[in-house]
Amino acid sequence: MYESRVRNDQFDRSKNFERGASTLVFMLWYVLKCFVFLSPLPWPSNLKVRCLRLFGAKVGRNVYIKPRVNVHFPWKLRIGDHTWIGEEVCIINFEPVAIGNHCCLSQRATICAGNHDYRDPAMNYRNAPITLNDGVWVGCMAFVGPGLTIGTDAVITAGSIVTNNVEAFSVIRGNPACKIAQRYRDQPKEK
């Protein structure tokens, strides 16, 4: 029998991680998040947008946010115009997450900019920013991992696990997700 090399007792919370706000601001956000964002009550989207902006998020016009959306750090979030965020979406933004214009994040999708380095016995953080370009649709229960860029008008189908960058106008599916089609029949030319 082998002895485990994992040493969770050596985990260094400060290594590769900066919350970006004081403990007091984080606690205030958490209380507001519990009552307004994680609630099953259908609080108006404009109230949620105002709350995000109050805590430093950059949020565009006509953004629609459903109930039970979990945003970890609003001060590390940017959302473009006319974007929809579905019920129970989870945005784990230990690093900045940028969501473009006209995007759709469907129910229970996870955008995860945080991870642990499995090669490090102390399991220290291995976080990286995520960018969803304009027109991206992340399907129901899909997962987008740290350090990725999802190209313009790309579609991530329901339940897919994305671990690599996605080209513009691609439709991807699976675990790990791979390209299965182009989104449009009359494919736009890359700029």
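The values are calculated or read from the model by the stated rules, or taken from the named source; none is laboratory data. This one's a predicted model, so the numbers in the text were calculated from it and none came from an experiment. Using ideal geometry, Cβ is built from the backbone for each residue, glycine included, and neighbour counts are taken over all protein chains shown. For the accessible areas, the whole protein counts, side chains as well, though only heavy atoms, and no ligand, DNA or RNA atoms are used. Shrake-Rupley method; radii C 1.70, N 1.55, O 1.52, S 1.80 Å.
Report, to two decimal places, the Cα Rg of region 1-70 normalised by 2.2 N^0.38 Å (N = number of residues).
Rounded to two decimals, the normalised Rg is 1.61.
What residue among SER14, SER106, SER160 shows peak mean-square fluctuation when the chain is described by a Gaussian network model with Cα springs under 10 Å?
Most flexible of the set in this elastic network: SER14.
Give the carbon-plus-sulfur fraction of the accessible surface of the chain in %, rounded to a whole number; probe 1.4 Å, heavy atoms of protein chains only.
Carbon and sulfur atoms account for 55 percent of the accessible area of the chain.
Quote to one decimal, in nm, the extra length available between ARG61 and PHE26 on full extension: 0.36 nm per residue of separation minus the C-alpha distance between them.
Length gained between ARG61 and PHE26: 10.1 nm.
Can you list the HN-Hα couplings for region 71-78, worked out from phi with the Karplus curve (6.51, -1.76, 1.60; θ = phi - 60°), rounded to whole Hz and with x for Gly and Pro?
10, 6, 10, x, 5, 10, 10, 10
At a Förster radius of 35 Å, what calculated FRET efficiency corresponds to the Cβ-Cβ distance of ASN175 and ASP81, to the nearest 0.05?
Calculated transfer efficiency: 0.65.
Tell me the trypsin sites (Lys or Arg not before Pro) within region 151-187 that lie in a loop according to DSSP and have at most 11 other beta-carbon atoms within 10 Å.
Here the sparse-neighbourhood loop sites are ARG185.
Search the structure for amide H atoms under 5 Å from the amide H of LEU132, placed 1.01 Å from N in the peptide plane, and list their residues when 5 or more places away or on another chain.
ALA98, ILE99, GLY100, ILE150
Calculate, in nm to one decimal, what TYR184 and ARG119 gain on full extension: separation in residues at 0.36 nm each, minus their alpha carbon distance.
Roughly 19.4 nm would be gained on extension.
Testing the spin-label approximation: label points 7 Å from Cα along Cα→Cβ at SER39 and PHE11. State their distance in nm.
Those two pseudo-labels are separated by 3.1 nm.
If you plug each phi of region 143-157 into the Karplus form 6.51 cos²θ - 1.76 cosθ + 1.60 with θ = phi - 60°, what whole-Hz ³J(HN,Hα) values come out, in order, with x for Gly and Pro?
Couplings: 10, 10, x, x, x, 9, 10, 9, x, 3, 6, 6, 10, 10, 6 Hz.
Just round it to a whole percent: the fraction of Cα-Cα distances in region 1-154 exceeding 19 Å.
Percent of Cα pairs beyond 19 Å in region 1-154: 54.
Write out the chymotrypsin sites (Phe, Trp or Tyr not before Pro) in region 117-191 meeting two conditions: DSSP loop, and at most 11 other Cβ atoms within 10 Å of their Cβ.
Filter output for region 117-191: TYR118, TYR184.
Using a Gaussian network model on the chain with a 10 Å cutoff between Cα atoms, which of ALA142, ALA177, ALA21 fluctuates the most?
Sorting by GNM fluctuation, first place goes to ALA21.
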